[in-house]
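J.: If you scroll down you'll find the structure; I have some questions about it.
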Amino acid sequence: MTENTKATLRDQVSQLVSHIEVESPELLGVVQSFRRLDRVAYKLGLLDPTRSYATQIPWWPLISVLGTYSSGKSTFINNLLGQPLQKTGNQAVDDKFTVICYGREETPRVLPGLALDSDPRFPFYKISREIEKVMQGEGARLDSYLQLKTCNSERLRGKIVIDSPGFDADEQRTSTLRITDHIIDLSDLVLVFFDARHPEPGAMRDTLEYLVSRTLQRPDFNKFMHILNQIDNAAREDNPEEVFAAWQRALSQQGLTAGRFYRIYDPFASVPIEDEHLKQRFESKRDEDMAEIARRIEELEVERSYRAVGRLEQLAKRIRDVVVPRLTAARRAWRRRVLLYDALAFGAILVAFLVLSNMLDWWQGLRFQPPWLDTIERSPVLLWGGSIVLLLAAWQLHRVLRRVAGRRIARQLRHDETLGAQAESVADAFDRNVRSLWPFVFSNPRGWGMWARRRLDAILNDAYAAVQQLNDRYTDPSGTRIAGGAEADADEEPEFVPHPQPSAAGTGVEGHVR
């Protein structure tokens, strides 16, 4: 890694630290722990030295709005912001992912995708690389996928909202689906909108499967809220409840048998409901569900802190308990395969040589006496030169066999579902391990040993301490602080001081961390 690259990464992390110091000082220690985790990953070859785990998670609460075409996503966002920022309509009005954040200027600004791809504080940092992996050449067309909008709305301060293009799993491009998956992974809250005006939800089987079935298997499924929007149109039906029941049946067929299904509509764009009793019933249900959605949004600041610490703990545990054992097993399998290939290749060469030499009568009983042997023995140059050539040829053959054995194992690692999103980085680390004689000399992967294990244990202890301090801030199971009259100030930030670590250059986080 060049000095310029190091400086760039330090600048990026410094920007992140400045942001955290202002808005969430209780998480400064977590950023420092992420940087220590980076150093472990660098040694193992799991992380490109130009990147940091600290820049791969959004440090602002992230709300994603997904849904089908004309399901009222943009209208909902406008109501949430209190401003008509997004275009609305019955047809698709925007085919880009729009990242919306707070801006000081009264007039909203629209910025290109580059603003997101180059800023580590946003959830799309270096997303062009991921798009390029899926479709070559598309990474350079980032502006056709993403845009950044600013909005001077106090409701948006300290949060990020993402408005996605209308969803159709049948027609969506692979690169767009990749961005959608990326958004879902990073989001603190995912609002999935469906249009109640479409009476046959069963016809949307592929879309329902993508937005419902696939999310059920996620450990963070509770961050999804499925919303049936524009439900006021059902008031025109003879049996309004049948519309809702049809959607419930469609979702239950995709496996969603538990959890809430929210029913809302825009009161300013709703159809008139003549029946007063029916109108009150619809409004009551709408207000109840809207209040629940608003409550979840307000809780994101607390959830964000826990999520950041949880991500740190998850990464450290995954490296220790999943990645390193899998990498160790891959190296052992590679070593066995190389030894087998060597035995077969050199054994075949030996057998071929013995057969050929026997056919040419180079053997006198058990003595090897070819006609050219005396010439070589009398010339040290020929003897040593020939020996060196044979050794170099043998080494080159061995290197070819190493690469052949490594390609298959690396391919298996890249398609290993148990490794998830880390499959590619584990395969890269494996390639780094098998470039030398390290696997034949040491049993552990390069970069893994007592030092790395102790550092991971210290990082995990920091994560546990950070969770306890967050709990101390938001909970008091014994009630002692209230009973004793010593309740902490709700605005006081807990102080998280990570375990002391040996100093290292280029951490990007210097000075005292509160």
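J.: Arg367 accessible area, nearest 10 Å², 1.4 Å probe?
T.: For Arg367, the solvent-accessible surface is approximately 150 Å².
J.: Of Asp232, Asp185, which has the most accessible area and how do the rest follow, probe 1.4 Å?
T.: My answer, sorted largest first, is Asp185, Asp232.
J.: If you wrap a convex hull around the Cα atoms of the stretch 207-318, how much volume per residue is inside, in Å³?
T.: So the per-residue Cα hull volume is 122 Å³.
J.: Cα to Cα, under 16 Å, and not fewer than 8 places away if on the same chain: which lysines meet these conditions relative to Lys87?
T.: Straight-line reach from Lys87, under 16 Å: Lys73, Lys96, Lys149.
J.: Heavy atoms of the protein only, probe of 1.4 Å, neighbouring chains included. What is the accessible area of Met135 in Å², nearest 10?
T.: 70 Å²
J.: Within straight cross-link reach of Lys133, meaning Cα distance under 16 Å, which lysines are found once same-chain residues fewer than 8 apart are removed?
T.: Straight-distance partners of Lys133: none at all.
The values are calculated or read from the model by the stated rules, or taken from the named source; none is laboratory data. Just so it is clear, the model here is predicted, and its values are computed rather than measured. Remember, those area values only see protein heavy atoms, side chains included, never the ligands or the DNA or RNA. Shrake-Rupley method; radii C 1.70, N 1.55, O 1.52, S 1.80 Å.
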